[in-house]
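Taking it in order: structure first as structure tokens, then the write-up.
The values are calculated or read from the model by the stated rules, or taken from the named source; none is laboratory data. The shown structure was predicted, so the numbers you read here are calculated from the model rather than taken from an experiment. All Cβ positions, even for glycine, are placed from backbone atoms using ideal geometry, and neighbour counts span all protein chains on display. Areas reflect the complete protein model, heavy atoms only, side chains present, ligands, DNA and RNA absent. Shrake-Rupley method; radii C 1.70, N 1.55, O 1.52, S 1.80 Å.
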Amino acid sequence: MRVPNLAIHLRDGADRNKLEPNKEVELRPIFSSEVYRQLTHGDSRKDNVPIEAKHYEGLIQLISRETGIPTQDISDLDFCITDTQPATLLGLDQEFISSPRLDNLYSSYQALRAILADEAHAPDDQYVNMVVLFDHEEVGSLSSQGAESMMLRQSLERVYNVLAGAGNSVDGFEAALSRSLFISADMAHSVHPNYAAKHQELHRPQMNKGIVLKVNVNQSYATDGISASILRLIAERSKVPLQEFVVRNDGPCGTTIGPIVSARVGIKTLDIGAPQLSMHSIRELCGILDGYYYFELFKGFLAEYQKLDNSILRS
């Protein structure tokens, strides 16, 4: 399946200098040649299959073959188109990763690796470690499984109630939240060698040089002085280099689920990310060393957070 671009020869002068396709009529993917199907398969349409009246019958039959589910048993589907080209290594020493959806699978993968590592846990753990992977971050997070839902707070409260048992106090759950810390790990913008002026002069993160601490006074990121100080301590103990990102005062700023979770759950939060280029492009680019730094920082956070001085964690 492919969404082909229009040949430049068929564009007029003004249209050649921009790429602004109409999302309704100019982004339709090519999936099948009906002429070819008729010549090679004949009419394979089955009678009395309601789903084939709603969706292209060739697609439904493909799904049926791949899943082993008869077409008449398929009532409906959620269908998303995604790039299937595998990730590749780039660079003179293959120090870069080129892949679709690094934002935010890179963070998610390293977080899962870290929580499964033995070094992230101790026999005397008093805190509960969790990794939360939300849906729909790129379309606003307002869904039953998005960051703006009640899913995280409800899950935390259920875990707390089971562990607290009969010893649960009136404000025990809220007190536990005040001693907790949430790391919103999304990707970060590496300085672009061709567009360095887009970054604030003193805040230009680079790939393979460490994890980025993201700060924004307008609350596009949830980092504050306390959460940043905690992260710096953990990074120092984990031997992970940190970089900082602050947008230019005259430039735009993206956002993350950090402020959403902080407000919705009532938990101290900070925003970090691995630096990358071409965010939201079909192929994104990041550094392989930053995957190692991510992994070590996450392990350090899971293992070291509860060991920090109580004066830092006091609510």
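Values computed for the structure shown
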{"read-out": "Accessible area of Asp78 in the full protein assembly, 1.4 Å probe (Å², nearest 10)", "value": "150"}
{"read-out": "Using a Förster distance of 35 Å, the FRET efficiency for Ser155-Ala7 (Cβ separation, nearest 0.05)", "value": "0.10"}
{"read-out": "Under 14 Å from the Lys209 label point (7 Å along Cα→beta-carbon), backbone N, the stretch 223-267", "value": "241-246"}
{"read-out": "Helix-only CD estimate at 222 nm, as mean residue ellipticity for the chain, using -39500 (n - 2.57) per DSSP H run (n ≥ 4)", "value": "-9000 deg cm²/dmol"}
{"read-out": "Listed residue pairs exceeding 23 Å between alpha carbons, taken from Lys198/Lys299; Lys23/Lys54; Lys18/Lys198; Lys214/Lys239; Lys18/Lys209; Lys209/Lys299", "value": "Lys198/Lys299; Lys18/Lys209"}
{"read-out": "Solvent-accessible area of Met150 with every protein chain in place, 1.4 Å probe, in Å² to the nearest 10", "value": "80"}
{"read-out": "Förster radius 25 Å - calculated FRET efficiency between Ala175 and Arg232 (Cβ-Cβ, nearest 0.05)", "value": "0.50"}
{"read-out": "Within the chain: Cβ-based charge dipole about Cα centre, in debye rounded to nearest 20 (Lys, Arg +1; Asp, Glu -1)", "value": "440"}
{"read-out": "Gain in span if fully extended, Arg37 to Asp224, counting 0.36 nm per residue against the direct Cα distance", "value": "61.4 nm"}
{"read-out": "Distance (nanometres) between label positions extended 7 Å along Cα→Cβ at Tyr195 and Asn22", "value": "2.7"}
{"read-out": "The chain: relative contact order as a whole-number percent, Cα under 8 Å and 6+ apart", "value": "21"}
{"read-out": "Rg and Dmax [Cα atoms of the stretch 39-166; Å; Rg one decimal, Dmax integer]", "value": "22.5, 72"}
{"read-out": "Between 0 and 90°, nearest 10: helix 288-304 axis offset from the chain longest Cα axis", "value": "40"}
{"read-out": "Accessible area in square angstrom per residue, the chain, 1.4 angstrom probe", "value": "62"}
{"read-out": "Given the chain, longest segment not containing exposed loop chymotrypsin sites (Phe, Trp or Tyr not before Pro) (DSSP; at most 16 other Cβ within 10 Å)", "value": "196-315"}
{"read-out": "Cα convex hull of the chain, projected area averaged across orientations, nm²", "value": "23.8"}
{"read-out": "Calculated over the stretch 206-248: convex hull of Cα atoms, volume per residue (Å³)", "value": "65"}
{"read-out": "Largest to smallest accessible area among Glu137, Glu119 [probe 1.4 Å]", "value": "Glu119, Glu137"}
{"read-out": "In Å², nearest 10: area of Lys18 left accessible to a 1.4 Å probe", "value": "100"}
{"read-out": "The chain, accessible surface, carbon-and-sulfur percent (1.4 angstrom probe)", "value": "53"}
